[in-house]
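A short reminder: the numbers here are calculations on the coordinates, not readings from a lab. For clarity, every value in this text was computed on a predicted model and none was experimentally measured. So basically every Cβ, Gly included, is an ideal-geometry build from the backbone, and we count neighbours across all protein chains shown.
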Amino acid sequence: MAVFDSFEDFASILPSGRALAGLDLGEKTIGIAVSDRMLSVASPLQTIRRSKFQPDALELLKIAAAREIAGLVLGLPRNMDGSEGARCQSTRAFARNLSNLTDLPISFWDERLSTVAAERALLEADTSRRKRAEVIDHVAAGVILQGALDRIAVIRRKNI
């Protein structure tokens, strides 16, 4: 399908009754979270170790197919001042390359402080340091996806 810079345009083409996946793209890992079919709750799913683009993309698309995912939301790692640096360019390139392999719509969600929020939640849950290291990426993906789901809910209420 396409990569959407406008989150509103992305939200407007999503079919009802299908889940979304959120991705936290790191240099070494990709955290994955999925929503319910009502697009109300994000749940951390898993973290995959990055290797090269093709096998990473195929693994993501395999998960998306198995879970009947309707679209992908990638965390966009903006700088704290809102500007885009090298990591944003890398994320946008990943999205463009992934869009060549799938018809799923792809959009971005500002991920500033998502890892901080995930870390705080894990600390409040008294998660051990080792366990936090194992789950932080897909918990951060859950934070990213939940922000996107909350925005979709606002957009849909506005359009009723």
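Things to note:
- Cut-off 9 Å between beta-carbons: net charge of the residues surrounding I144, Lys and Arg +1, Asp and Glu -1: -3
- Electrostatic tally near F94: other residues with Cβ closer than 11 Å to its Cβ, Lys and Arg +1, Asp and Glu -1, net +3.
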